[in-house]
Amino acid sequence: MSRMMVIGVRHDKIEEVEGLKLKDLRTTDTDYASPVLEKAGVIISGHHHSHDGDNILLTPNGVRYLNSADNVKFGEDVKAGNNGVVDGVEGLDIAYKHILKTEKVSHTGERNFVVDSPKITLFAFNTDDSSLLNKDVFKDIASFVKKNEDSDTLLAGNYIVENGLPIANKSPIKALATLNEDTMAMINMHHGMYSIIALPNTKVDLKSNMLERDLAAALGVEEKVERKLKLR
């Protein structure tokens, strides 16, 4: 059964990444209750079944499954441009509605942003292609990052759907996009497609038992409470 993975590579630790070996590409099942922390500049998600439509939160410090909505209706007013990109406030609103599992979002104005974080290039891998991996896979990844260091990056608020670009000849690992400095990402994996929403990087504990609630609070949003009319 097809399983999808995301690999995040920090640009500030690219020399460490280059020294990793094939065995360092941990292709393990996902622990939905615990994060996988960054190691030697690499952030590796576990396996996710392609039909499940799982969401993950990827930060400079690690990655964890995000129990957020995968089928929220956003209304016809949100229209994607080239490559499925939705810019600015609309792009962030999509993320907020996913996290809170509701279209009724209220902005609290209390945000807990941290902007001191590196660029991160995101790569995709389907575990069905494990036999195609070569022993120099991390050298290929590092080389790709170095060659594309100055390419366009995803600013907070962009929403993108991509199949990815092969990082080397016959490589099964594909580059998805690069997160700008001071951003993290919410990523949905479904039927071979990777949907990325770049979020402002925040102080959020990936080990929290209430990750979704904490993430929404850190981003300064909450579910809007409906006012009810009192009957006399």
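Could you tell me whether any residue of region 132-149 is within 14 Å of the chain's Cα centre (by Cα), among the hydrophobic types (A, V, I, L, M, F, W, C) and open to solvent by less than 90 Å² (accessible area, probe 1.4 Å)?
Taking every residue of region 132-149 in turn, none turns out to be within 14 Å of the chain's Cα centre (by Cα), among the hydrophobic types (A, V, I, L, M, F, W, C) and open to solvent by less than 90 Å² (accessible area, probe 1.4 Å).
For the structure I just gave you, tell me whether Lys207 is at pLDDT 90 or above and over 15 Å from Asn67 (Cα atoms).
Taking the combined requirement at face value, the residue does not satisfy it.
Taking into account only those residues within region 1-24 that are part of a strand (DSSP E or B), among the hydrophobic types (A, V, I, L, M, F, W, C) and over 16 Å from Ala142 (Cβ atoms), which is modelled with the highest pLDDT?
Val6
Of the conditions (1) out of contact with any helix residue (DSSP H, G or I) (no Cβ under 8 Å at 6 or more places or on another chain); (2) of a type outside the set (Lys, Arg); (3) at pLDDT 95 or above, Ala142 satisfies every one except a single condition; which number is it?
Only one criterion in (1) out of contact with any helix residue (DSSP H, G or I) (no Cβ under 8 Å at 6 or more places or on another chain); (2) of a type outside the set (Lys, Arg); (3) at pLDDT 95 or above is unmet by Ala142, namely (1).
For residues that are of a type in the set (A, V, I, L, M, F, W, C) and over 17 Å from Lys101 (Cβ atoms), scanning just region 190-217, find the one that is most open to solvent (accessible area, probe 1.4 Å).
Selected residue: Met193.
Which of the numbered conditions does Ala198 fail, given that it passes all the others? Conditions: (1) under 17 Å from Thr127 (Cα atoms); (2) part of a strand (DSSP E or B).
Only one criterion in (1) under 17 Å from Thr127 (Cα atoms); (2) part of a strand (DSSP E or B) is unmet by Ala198, namely (1).
Report, by residue number, each residue of region 25-48 that is closer than 17 Å to Leu122 by Cα, at pLDDT below 90 and of a type outside the set (Val, Ile, Thr).
Residues satisfying the conditions are Leu25, Arg26, Gly46, His47, His48.
Taking region 1-42 as the region of interest, how many residues are of a type in the set (D, E, K, R), in contact (Cβ under 8 Å) with a residue 40 or more places away in the chain and buried (at least 18 other Cβ atoms within 10 Å of the Cβ)?
3
Of all residues in region 141-185, which are acidic (Asp, Glu) and either touching a residue at least 40 places away in the same chain (Cβ under 8 Å) or under 17 Å from Ile14 (Cα atoms) (or both)?
Glu149, Asp150, Glu162, Glu181, Asp182
The values are calculated or read from the model by the stated rules, or taken from the named source; none is laboratory data. Source: prediction; values computed, not measured. Quick reminder, even Gly has a Cβ in these numbers, built from the backbone with ideal geometry, and neighbours come from all protein chains shown. Just so you know, the surface numbers come from the protein's heavy atoms only, side chains and all, with ligands and any DNA or RNA stripped out. Shrake-Rupley method; radii C 1.70, N 1.55, O 1.52, S 1.80 Å.
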